[in-house]
Amino acid sequence: MNLDLEGNYKDKSKLFTMAKEYEYIKKQDKKVYDAILGEEKREAEGLELIPSENYVSRAVREANGSIFTNKYSEGYPGKRYYGGQTYTDLVERIAIERACKLFKAKFANVQTHSGAPANMAVYAGLLNPGDTVLGMDLSHGGHLTHGHPVTLSAKIYRFVRYKMKNPETGEIDYKALRETAIKEKPKIILAGFSAYSRELDYKKFVEIAKEVGAITMADMAHIAGLIAGGAVKNPFDYGFDVITTTTHKTFRGPRGGLILIRDSEEIAQKINKAVFPGLQGGPHMHIVAAKAICFGEAMKPSFKKYAKQILKNAKAMEEVFRENKIRMLGGGTSNHLLLVDVFGSLGITGREAEVALDEVGLTLNMNSIADDTRKPLDPSGIRFGTPAITTRGLKEKECKEVAEIMIETLKNIKDSKKKKELRERVRKICKKFPIPQRFV
């Protein structure tokens, strides 16, 4: 493996493991082995800018593939439907205790498989079919599970939406939000986003919810790591009832979900029943074990530094885009991501930008912008962020260079020679900052 005592590569030119880690896969299934190594090489030789992706530690990866994958554990600790639960109960309790401590919650469900099922579990636990939810409009930064018509939740519950007052500043129209809440009487008011670059005013959400008798729910999938690291505000500090999140993205853990309840045992019990037996069977205990490790990593002082550096790096990239007079939705960023209008600024579509940047080793995603006139599969914008490159150790200087490479690529989108030169610059950055194996 050629690793030092801290788990990092001694030879920084060796960018991926080619590993004993996969020796059984290599012997048994060469096609899958080749796919795994191909992905490892792709990640090592390119920079991940998708704000919902990150790199996990070797410890989290080992837990993902641990012996816990063999065990079926329907139910909750101390109340299982199968025998042999001594260690599954132990590891789930560890995960719950750490999650509650990180977020100042009294209750947590660590079993939900991902963020979308976590949201669905809250709806199922706290709503009746036809009840109303007030959430952020998808085109203004919300998530599909906040009421888009293509989702199952939108077929069961009634969703109404709020928007930004001004896409140039990112300010939410709280006056209109309040008026909608008074008119529509939602059972849940949902704060949270997928492509929104500013912080929300949680106090205003709580005030409006109290006025109309609604439960407050925060979908913090994108910024959970920033909350855990103390870099942005915690909705629970302002009186929110429920937080849902993924455990990857800024959290830097396994692909999974998490539901946190501030202090209501009644809400916690309803949500637990919605997760199991309502929506899921047995939990994925190998993922629960990986979540426990991730939460433990997030409790270290180094994670607080990491969370704050994510914000610094995003600000550094913002500065470069502003200097180049490229329009940023929300006017910039207060978190880990930026949403940029490449069609309005450079005359190229989000799809064209995504493909060109991928060619130089920079992975991000095309994204609709507020009130986009283009279709979702060929939108006006791109979305990118700094969680993964911050994990690799890039600081403000390097993030500015990455932003400059992005802009050069987009301004020379048809110049193959230029893109080859830019690809080499990306490779040099990757070689200098290999993917680490340990974070603590």
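The values are calculated or read from the model by the stated rules, or taken from the named source; none is laboratory data. It should be emphasised that the depicted structure is a prediction, and the values quoted were computed from it without experimental measurement. Here the Cβ is made from the backbone with ideal geometry for all residues, glycine too, and neighbour counts use every protein chain on show.
Within region 29-43, residues that are closer than 20 Å to V426 by Cα reach partners that are surrounded by 12 or more Cβ atoms within 10 Å (Cβ to Cβ) and of a type in the set (S, T, N, Q) with beta carbons closer than 7 Å, at six or more positions or on different chains, in the pairs E40/T17.
Contact map, region 192-209: residues that are on the phi < 0 side of the Ramachandran plot and in contact (Cβ under 8 Å) with a residue 24 or more places away in the chain paired with residues that are part of a helix (DSSP H, G or I) and among the small types (G, A, S), Cβ distance under 9 Å, separation 6+ or inter-chain. Pairs shown: Y196/G330; S197/A314; S197/G330; S197/G331; R198/G330; R198/G331; I208/A181; A209/A181. Applying the condition of being outside any loop (DSSP other than H, G, I, E, B) and of a type in the set (D, E, K, R) to region 91-106 and asking which residue is farthest from V288 (Cα to Cα) yields K101.
Among the residues of region 149-164, the ones that are within 22 Å of E199 (Cα to Cα) and either without any contact (Cβ under 8 Å) to a residue 24 or more places away in the chain or in a loop (DSSP other than H, G, I, E, B) (or both) come to 1 in all. Those strands (runs of 3 or more DSSP E) of region 231-349 in which at least 1 residues are surrounded by 18 or more Cβ atoms within 10 Å (Cβ to Cβ) and outside the structural domain of A370 (by TED's automatic domain parsing), considering only elements entirely within it, cover 242-246, 257-261.
The one condition from (1) at pLDDT 95 or above; (2) touching a Leu at 6+ places or on another chain (Cβ under 9 Å) that K10 does not meet is (1). Being in contact (Cβ under 8 Å) with a residue 60 or more places away in the chain, under 24 Å from Q437 (Cα atoms) and part of a helix (DSSP H, G or I) is not true of T88. Residues in region 353-375 that are part of a loop (DSSP other than H, G, I, E, B) and farther than 21 Å from H148 by Cβ: 3 in all.
Just one residue in the set V60, V56 is within 20 Å of the chain's Cα centre (by Cα), in a loop (DSSP other than H, G, I, E, B) and surrounded by 18 or more Cβ atoms within 10 Å (Cβ to Cβ); that residue is V56.
Among the conditions (1) over 24 Å from S334 (Cβ atoms); (2) surrounded by fewer than 20 Cβ atoms within 10 Å (Cβ to Cβ); (3) in contact with a strand residue (DSSP E or B) (Cβ under 7 Å, 6 or more places away or on another chain), the only one that T151 does not satisfy is (3). Number of residues in region 231-262 that are touching a Pro at 6+ places or on another chain (Cβ under 8 Å) and closer than 24 Å to N313 by Cα: the value is 5.
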